[in-house]
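Data block below; observations after.
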Amino acid sequence: MEKVIMGNHAVSYGAKLARAQVIAAYPITPQTQIVEMLSEFWAEGLLDAKFIKVESEHSAMAACIGASSAGARAFTATSGHGLALMHEMLHWAAGARLPIVMANVNRAMGPGWSIWTEQTDSLAQRDTGWLQFYCESNQEVLDSVIQAFKIAEQVLLPTMLVLDAFVLSHTQEPVDIPDQELVDRYLPPYDARYKLDPGDPHAFGAMVAPPHYMELRYKIQKAMEEAVEVARQADGEFREIFGRSYGLVEKYRLEDAEVVLVASATITSTARVVVDELREEGYKVGLLKVRMFRPFPTKDVREALAGARKVAVIDRNISFGHGGIFAEEIKSALYNGSHRPPIFGFIIGLGGRDVTPASIRGIAEYTFEHDTPEMEIIWREVKNS
Amino acid sequence: MIEIRIHGRGGQGAVIASKVLAVAVFKEGKYVQSFPAFGVERRGAPVMAFTRIDDQPIRIRCQIYEPDHVVVLDPTLLEAVDVTAGLKEGGWILINSEQDPATFDLPARYRVATIDAQSIAIKYKLGPKSAPIVNTAILGAFAKATGIVGLEALAEAVRESVPLKPEENVAATREAYNSVVAS
């Protein structure tokens with residue numbers, strides 16, 4: 001059934017279709033509508049789940065950890081400061097190997113107080129052991145919630161899908177809402193290998209001394225490495241059943257491209273329009289969309305950029321004291337490879353400043369005009385640079 | 001692609017209007033996108049909402065700066081904001097007003113239409129009398145003036161999208177469709 005819905009509600013439909021069994025969340029703009037709709041589904045008897053109201057995001061994640069430890073499929077959603085407050089529990093969810101799924105609506109951190117989009121909130125959680133997927137459309141949001149459970153439950157790591165505040169969260173567009181029967185075929189019920197069960201007691205969360213702790217970390221990294229292929233396979237199976245897939249990265253018009261733009265989330269969508277226009281004008285330009293950020297798809301990125309003469313990474317985020325986070329990751333992925341083109345790191349659109357086709361065209365033109373980046377960070381559309 | 005900007009005041013239903021319009025056009029088989037100005041809404045303050053319409057999937061994801069048409073839910077906004085900013089030549093400016101379009105001092109390169117959506121909304125008891133919700137009425141007028149969407153698809157979209165009084169809202173849409181005044 002195709003419906004015109006907002007990105008936040010695409011998340012709600014995804015969680016409902018995935019048959020989330022426990023939902024614990026705390027309201028925060030611009031995410032609130034996700035859990036509002038889930039609570040409406042529950043109130044109407046359309047969602048067979050335990051809905052837990054909590055007093056903070058830290059507690060929301062703690063409740064999901066408890067639920068997932070007991071073998072339930074657990075879901076939550078948050079944004080910006082809410083995600084930051086969860087930080088401690090994010091490590092716990094990953095360390096305990098719990099396949100919790102969370103939607104994070106990207107929101108800039110205050111102060112200055114902001115409710116608008118920026119990726120720094122979720123990217124700052126990159127070392128917590130969560131898988132991360134950045135979505136471009138409301139359809140991709142809904143589909144990624146379902147895929148996220150499939151992947152998380154195989155590798156036993158929590159998974160975060162990420163969408164831009166307002167640009168997706170509050171934007172209405174047509175979305176195909178899949179049949180429950182098909183989702184059930186794709187995503188079987190979660191069968192936890194180990195769970196809290198009074199009839200079969202285990203100890204959880206015990207002290208782990210130096211002789212064993214490192215091995216637990218090694219296994220998390222191994223699970224992350226395994227997740228690359230698991231995610232690829234989950235996306236392939238998704239295509240077989242639903243006719244849609246997204247890849248870990250997506251190559252858009254990369255054939256003979258001399259300049260390759262690298263983007264994530266909704267900037268990708270607008271960049272497609274710009275690449276088409278520039279191609280018509282004779283520019284050899286293409287676009288690489290990075291959808292999966294953790295684990296980082298190093299092999300796919302190297303392969304996609306193998307023919308690029310110059311790479312322009314567009315970051316709507318910043319790691320203060322270094323630069324754009326996607327740019328760092330792309331540089332790191334290419335360094336030990338055989339092809340190392342100049343990488344231009346652009347920062348744009350922080351705090352929800354609109355990124356227009358003209359913004360992206362400016363980035364492409366800058367890259368064509370310069371042989372090397374000249375600066376480690378190239379700020380765009382900033383008033384006092 | 002057709003791009004439409006709706007100007008209103010917080011509480012008048014500009015955001016819902018942009019969605020209802022999108023749903024109606026979607027029912028006629030087109031691709032749509034609608035969204036509020038990415039901002040904070042306060043009751044009574046000027047707000048904007050946008051709708052894009054195309055025959056192909058819509059990929060552009062930024063606000064609308066050069067609309068094909070604009071809708072103005074409150075005539076006092078004409079003094080507060082530049083509703084013609086970026087408006088393309090020949091574009092419609094549809095104003096909620098009981099006055100004749102000729103009374104508005106707007107550049108001749110635009111087409112102007114008016115509808116007394118305020119009175120229609122009060123007649124059908126849509127919202128409080130002091131602050132009636134005029135969005136469904138003005139969409140009827142917009143459909144007639146621009147021909148962008150048919151009345152039946154719009155009526156269906158109104159019926160399924162408004163939270164309260166669906167039939168009264170549909171009646172307001174129809175009445176406005178039949179009584180819009182164009183320059």
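The values are calculated or read from the model by the stated rules, or taken from the named source; none is laboratory data. Just so you know, these numbers come straight off a predicted model, no measurement behind them. Positions of Cβ are backbone-derived with ideal geometry, glycine not excepted, and every protein chain shown enters the neighbour counts. The area values use the complete protein model at the heavy-atom level, side chains included, leaving out ligands, DNA and RNA. Shrake-Rupley method; radii C 1.70, N 1.55, O 1.52, S 1.80 Å.
So how tilted is helix A:138-155 from the main axis of chain A? Cα-based, degrees 0 to 90, rounded to 10.
Roughly 60 degrees between the two axes.
Which part of the range A:157-172 falls in the paramagnetic zone of A:Gln221, meaning amide N under 18 Å from the point 7 Å along Cα-to-beta-carbon?
Once the point is set 7 Å along Cα→Cβ of A:Gln221, A:157 turn out to lie under 18 Å by backbone N, inside the range A:157-172.
Hey, with R₀ at 56 Å, roughly what FRET efficiency would B:Val81 and A:Asp184 work out to, going by the Cβ-Cβ distance, to 0.05?
Working from the Cβ atoms, E equals 0.65.
Less than 14 Å Cβ to Cβ from B:Glu28, Lys/Arg counted +1 and Asp/Glu -1: what total charge do the surrounding residues give?
Every neighbour counted, the sum reads -3.
So if I average 1/r over every pair of distinct C-alpha atoms in chain B and take the inverse, what Kirkwood radius in Å does that give?
When all Cα pairs of chain B are included, the Kirkwood radius is 15.9 Å.
Relative contact order of chain A, please, whole-number percent, based on alpha carbon pairs below 8 angstrom and at least 6 residues apart.
16 percent
Considering only C-alpha atoms, what is the centroid distance from the range A:1-62 to the range A:170-228, in Å?
With the range A:1-62 and the range A:170-228 each reduced to a Cα centre, they are spaced 19 Å.
By how many degrees, between 0 and 90 and to the nearest 10, does the Cα long axis of helix A:357-369 differ from the longest principal axis of chain A?
So the inclination is approximately 50 degrees.
How many angstrom lie between the C-alpha centres of the range A:110-153 and the range A:307-385?
21 Å
First measure r as the distance between the Cβ atoms of A:Tyr194 and A:Lys3, then evaluate 1/(1 + (r/R0)^6) with R0 = 45 Å and state the FRET efficiency to the nearest 0.05.
For R0 = 45 Å, the calculated efficiency reads 0.70.
When the dipole is taken about the Cα centre of the range A:182-302, and only Lys, Arg (+1) and Asp, Glu (-1) are charged at their Cβ, what size is it in debye, to the nearest 20?
Roughly 260 debye for the range A:182-302.
What angle, in degrees between 0 and 90 and rounded to the nearest 10, separates the Cα long axis of helix A:80-95 from the longest principal axis of the Cα atoms of chain A?
The two axes meet at around 60 degrees.
Stretched out fully, how many nm does the piece from A:Thr298 to A:Met109 gain, at 0.36 nm a residue minus the Cα gap?
Here the answer is 65.2 nm.
Over the heavy atoms of A:Glu303, what accessible area does a 1.4 Å probe trace out, to the nearest 10 Å²?
Looks like 110 Å² after rounding.
Which pairs in the list A:Lys150/A:Lys251; A:Lys16/A:Lys251; B:Lys27/B:Lys144; A:Lys222/A:Lys331; A:Lys289/A:Lys310; A:Lys289/A:Lys331 are over 26 Å apart, alpha-carbon to alpha-carbon?
A:Lys16/A:Lys251
Counting other C-beta atoms within 10 Å, and keeping those with at most 11, which DSSP coil trypsin sites (Lys or Arg not before Pro) do you find in the range A:280-357?
Qualifying residues, ordered by number: none.
Using only C-alpha atoms and all pairs of different ones, pull out the Kirkwood radius for the range A:190-322 in Å with one decimal.
18.2 Å
Taking 7 Å along the Cα-to-C-beta vector as the label spot, tell me the B:Ser179-A:Asp256 distance in nanometres, rounded to one decimal.
Between B:Ser179 and A:Asp256, the label points sit 6.2 nm apart.
So how exposed is A:His212, as accessible area in Å² (1.4 Å probe, rounded to 10)?
120 Å²
Modelling each spin label as a point 7 Å along the Cα-to-Cβ direction, I'd like the B:Arg43/A:His91 distance in nm, to one decimal.
4.5 nm
Listed here are the pairs B:Lys30/B:Lys88; A:Lys3/A:Lys219; A:Lys284/B:Lys19; which of them are more than 30 Å apart at the Cα?
Violating the 30 Å Cα-Cα cut-off are A:Lys3/A:Lys219; A:Lys284/B:Lys19.
Give me the one-decimal nm value for the distance between modelled label points at A:Glu277 and A:Val382, 7 Å along each residue's Cα-to-Cβ direction.
Label at A:Glu277, label at A:Val382, 2.5 nm between them.
Using 0.36 nm per residue, how much length does the chain from A:Ala203 to A:Asp371 gain when fully extended, once their Cα-Cα distance is taken away?
Taking 0.36 nm per residue and subtracting the Cα distance, the gain is 54.6 nm.
Considering the options A:Val22, B:Trp92, B:Ser161, tell which one lies farthest towards the positive end of the dipole of the protein assembly as shown, charges being +1 on Lys and Arg and -1 on Asp and Glu at the Cβ, about the Cα centre.
So the residue we want is A:Val22.
Only bridges with both residues in the range B:2-182 count here: give the DSSP antiparallel percent, nearest 5.
Expressed as a percentage, antiparallel bridges in the range B:2-182 total about 55.
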